[in-house]
Amino acid sequence: MKPRFTHTGGHHLEVAGARLWVEEIGRPDGPPVLLLPGGLGTINDFDALTPHLAPHARLIGLDSRGHGGSTLGRARLSYARLAADVQAVAAQLGLEGVTLLGFSDGAITGLRLAAAGWPRLARLATIGATWRLLPDDPVAALIGGITPESFRETSRDAWSVYHAANPEPDLAGLIAQIRRLWLDPGTDGYPGESVRSIACPVLLMRGNADPYATRAETVALAERIPGARLLDFPWSGHGLHVDAPVVVADLLRRFLADG
């Protein structure tokens, strides 16, 4: 059986009023890689990728607050809150020298942690990362069409995992929080120009047809991070790791081995 997250072999950690689902696969003695999924997704976002990475790393999947097997709690959802959750989970697990692999919202969370100089972070890899909220940001058009019903129709796998795994399902409440999260212009939102302070190694990856992490914005992000590596891969969209898992896994293995 190929190694994938199942929402059966992990456990919950109590963090700031929420129960966060954590699950591990891969090499227990490998370098720790903490996987952060995208908005309204789950650690199963990475199902296409984990079989290629599991022989080489200790993969720790974390369902974001309110997503998958993690409860929402009463805290307002923000990228700052998600970053604090990652820090708390890493501390409870005793993780050091962590590589973060973030997709979409998970990538934004990773950028915040790297910009803050989180000492447990060794390197950051992102897929479909955005770093600031533009006046005409394409995510605004997406938000108006998201309802519990539309989410069920367009994301059946994530919907099924959520309702099977979440101890306190509240999809309408989560979607309301996600809408605020994506359009938050404040200091708890996107990292913005703070990304200039990132000092750890960074690998930025995007699919050439990604409508949210545009080429111009990803290049602008790379130019603000000294030494950042950038992949703009053709024939792929926002979920580059789903469209081209072998390519992404190969780059990640090289990134992990690069001292």
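Return Asp85, Asp258, Asp47 ranked ascending by Cβ neighbour count within 10 Å, so the fewest neighbours appear first.
Least crowded to most crowded, the residues run Asp258, Asp47, Asp85.
Roughly how far apart, in whole Å, are the Cα centres of segment 140-179 and segment 57-106?
Taking the Cα centre of segment 57-106 as reference, the centre of segment 140-179 is 19 Å away.
Using the 10 angstrom Cβ neighbour count as an exposure proxy, how do Thr147, Thr109 rank, fewest first? It would help to have the intermediate numbers written out before the result.
Numbers: Thr147 12, Thr109 27.
Placing the least packed residue first, the sequence is Thr147, Thr109.
Starting from the amide H of Leu36, placed 1.01 Å from N in the peptide plane, find each other amide H under 5 Å away whose residue is 5 or more places distant or on another chain.
Those qualifying (amide H under 5 Å, at least 5 residues apart or on another chain) are Leu101, Gly102, Phe103.
Write down the percent of antiparallel bridges among all DSSP beta bridges whose residues are both part of segment 11-257, to the nearest 5.
30 percent
What's the percent breakdown of Cα-Cα distances in the chain across 10 Å bins, shortest bin first?
For the chain, the binned pair fractions read 7, 34, 40, 18, 1 percent.
What nm value, rounded to one decimal, do you get for the distance between Asp29 and Ala199 when each label is placed 7 Å out toward the C-beta?
Going by the 7 Å Cα→Cβ label model, 3.3 nm.
Each label point is 7 Å from the Cα along the Cα-to-Cβ direction; what then is the distance between the points at Thr6 and Leu133, in nm?
About 4.0 nm separates the two model spin labels.
Karplus couplings for segment 100-115 from phi (6.51 cos²θ - 1.76 cosθ + 1.60, θ = phi - 60°), rounded to Hz, Gly and Pro as x?
So the Karplus estimates, Gly and Pro as x, are 9, 10, x, 10, 6, 4, x, 5, 5, 4, x, 4, 4, 5, 5, 5 Hz.
Using label points projected 7 Å from each Cα along Cα→Cβ, tell me how many nm separate Asp258 and Val246, to one decimal.
My value for the distance between the label points is 2.2 nm.
So what is the 222 nm mean residue ellipticity for the chain from helices alone, if each DSSP H run of at least 4 adds -39500 (n - 2.57) and you divide by all residues, rounding to the nearest 500 deg cm²/dmol? Walk me through the numbers before you get to the answer.
Numbers: 10 runs with 91 residues, N = 259.
About -10000 deg cm²/dmol.
Using θ = phi - 60° and the Karplus relation 6.51 cos²θ - 1.76 cosθ + 1.60, list the HN-Hα couplings for segment 46-60 in order, rounded to whole Hz, with x at every Gly or Pro.
In residue order, the calculated couplings are 9, 4, 6, 9, 4, x, 7, 9, 4, x, 10, 8, 8, 9, 10 Hz.
Extension gain Thr147-Arg180, at 0.36 nm per residue separation less the Cα-Cα distance, in nm?
Contour length minus the Cα-Cα distance gives 10.5 nm.
If you find the alpha carbon centre of segment 225-248 and of segment 13-40, how far apart are they in angstrom?
22 Å
For segment 126-143, in order, what is each residue's ³J(HN,Hα) by Karplus, 6.51 cos²θ - 1.76 cosθ + 1.60 with θ = phi - 60°, in whole Hz (x at glycine and Pro)?
Here the 3J(HN,Hα) series is 10, 10, x, 7, 10, 10, 8, 9, 8, x, 10, 4, x, 5, 4, 5, 5, 5 Hz.
Any read-out appearing in this document is the output of simple, stated calculations on the displayed coordinates, not a laboratory observation. Note that the structure is predicted; figures quoted are calculated from it, not measured. Heads up, the Cβs are rebuilt from the backbone with ideal geometry, glycines too, and the neighbour counts pull from every protein chain shown.
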